[in-house]
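K.L.:
Following this message is one structure expressed as C-alpha cells.
The values are calculated or read from the model by the stated rules, or taken from the named source; none is laboratory data. Keep in mind it's a predicted model, so treat the numbers as computed, not measured. So basically every Cβ, Gly included, is an ideal-geometry build from the backbone, and we count neighbours across all protein chains shown. Surface areas here come from the heavy atoms of the whole protein model, side chains and all, with no ligands, DNA or RNA. Shrake-Rupley method; radii C 1.70, N 1.55, O 1.52, S 1.80 Å.
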Amino acid sequence: MEQSEIMRISIENVRNIVNNSILLLKDADIVFSKAGFLPIHGNTIGSESSKDINQSPDQPRTFFPQYMTRYYSHQDNKSSSKLLGLNVQFYHFNYEVLSPCLIAAFCKLKNKESRPQYWWIKYCAFETDISFKSDGSVFKYEDEDAEVEFWGLELSQFNNIDDLQKVVISRLLAMY
C-alpha cells in the first residue's frame, strides 16, 4: 500500500470514529428524552480543541478532540442539582495507551451557582488520583463544585442503541 493510501485510510478512520461517536450521543439523546431527560446545552457537544500552530500531539489540546461530552437534566426539574453525563474519551495526554471509551456519570452539584463543565468527567477519570479503568467499575470523585459517580466501558462494546440503553442509560437512570 502506498503512503498516500495509508494516510487517506487513516484520515477516513478518524472521521468514522468521530462520526460514529456523535451518532452514539444522538442515540443517547433519544433514549434519555423518552425517560424525560434533555441535554442541558441543546445541540452542543462539549469538547476540547485548539488551533495553536505550536501545538504538539502530546499536548492536551489538539485538532482531534480528546473527548465529547453531553449532560442531561430531567425536564420536570431543570433547576435540579442532579445531572447525568456521557463522555466519549478518544485519548488522554496522560495515558500513552488508552482504548477509546464511553464514560457515564451521575453528578450532584453542591450549590446552585455551579454549572457543569464539559471537562469534568474526563478530569475526574484521568486527571485525579483515581486509577480509572473502563471495565464498568464505579469510581467516585468529589470537589467543591460536585460529587461525581462514574464508570466507563470500551467504545468497541457498543454495537447498537439497545447496547447503549441496556448497559449504560438504564444504569444511569437507576442512579438518578
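K.L.:
Pairs under 8 Å by beta carbon, first residue closer than 18 Å to Gln75 by Cα and aliphatic (A, V, I, L, M) in region 19-31, partner in a helix (DSSP H, G or I) and open to solvent by less than 20 Å² (accessible area, probe 1.4 Å), six or more apart or different chains?
P.N.:
Between residues of region 19-31 that are closer than 18 Å to Gln75 by Cα and aliphatic (A, V, I, L, M) and residues that are in a helix (DSSP H, G or I) and open to solvent by less than 20 Å² (accessible area, probe 1.4 Å), the close pairs are Ala28/Leu164; Ala28/Val168; Ala28/Ile169; Val31/Leu164; Val31/Ile169.
K.L.:
Additional query: Which one of the conditions (1) closer than 28 Å to Asp29 by Cα; (2) open to solvent by less than 60 Å² (accessible area, probe 1.4 Å); (3) at pLDDT below 90 does Lys78 fail to meet, given that it meets all the rest?
P.N.:
Checking Lys78 against (1) closer than 28 Å to Asp29 by Cα; (2) open to solvent by less than 60 Å² (accessible area, probe 1.4 Å); (3) at pLDDT below 90, the one that fails is (2).
K.L.:
Every residue in region 124-137 that is part of a loop (DSSP other than H, G, I, E, B) and either buried (at least 16 other Cβ atoms within 10 Å of the Cβ) or within 15 Å of the chain's Cα centre (by Cα) (or both), please.
P.N.:
Residues satisfying the conditions are Glu127, Phe132, Lys133, Ser134, Gly136.
K.L.:
Return the pair list, or none, for Cβ contacts closer than 6 Å from residues in region 116-131 that are of a type in the set (A, V, I, L, M, F, W, C) to residues that are assigned to a loop (DSSP other than H, G, I, E, B), at least 6 apart or on different chains.
P.N.:
Qualifying pairs under 6 Å: Ala125/Phe132; Phe126/His92; Phe126/Asn94.
K.L.:
Can you find, within region 104-124, the residue that is modelled with the highest pLDDT among those that are farther than 11 Å from Tyr71 by Cα and polar (S, T, N, Q)?
P.N.:
Among them, the one singled out is Asn111.
K.L.:
Considering only residues that are of a type in the set (A, V, I, L, M, F, W, C) and modelled with pLDDT of 80 or more, which ones fall in region 36-63?
P.N.:
If the condition is that a residue be of a type in the set (A, V, I, L, M, F, W, C) and modelled with pLDDT of 80 or more, then Phe37, Leu38, Ile40, Ile45 are the ones that fit.
K.L.:
So which residues in region 144-176 are open to solvent by 60 Å² or more (accessible area, probe 1.4 Å), among the acidic types (Asp, Glu) and over 24 Å from Val14 (Cα atoms)?
P.N.:
Those that are open to solvent by 60 Å² or more (accessible area, probe 1.4 Å), among the acidic types (Asp, Glu) and over 24 Å from Val14 (Cα atoms): Glu144, Glu147, Asp162.
K.L.:
Which of the residues spanning region 1-41 are open to solvent by less than 50 Å² (accessible area, probe 1.4 Å), touching a Pro at 6+ places or on another chain (Cβ under 8 Å) and of a type in the set (Val, Ile, Thr)?
P.N.:
Val18
K.L.:
Take the conditions over 24 Å from Gly42 (Cα atoms), open to solvent by less than 80 Å² (accessible area, probe 1.4 Å) and touching a strand residue (DSSP E or B) at 6+ places or on another chain (Cβ under 6 Å) and apply them to Tyr141. Does it pass?
P.N.:
Here the answer is yes, as Tyr141 does meet what is asked.
K.L.:
Could you tell me which residue of region 42-52 is surrounded by the most Cβ atoms within 10 Å (Cβ to Cβ), considering only residues that are touching a residue at least 12 places away in the same chain (Cβ under 8 Å) and in a loop (DSSP other than H, G, I, E, B)?
P.N.:
Within region 42-52, the match that is surrounded by the most Cβ atoms within 10 Å (Cβ to Cβ) is Ile45.
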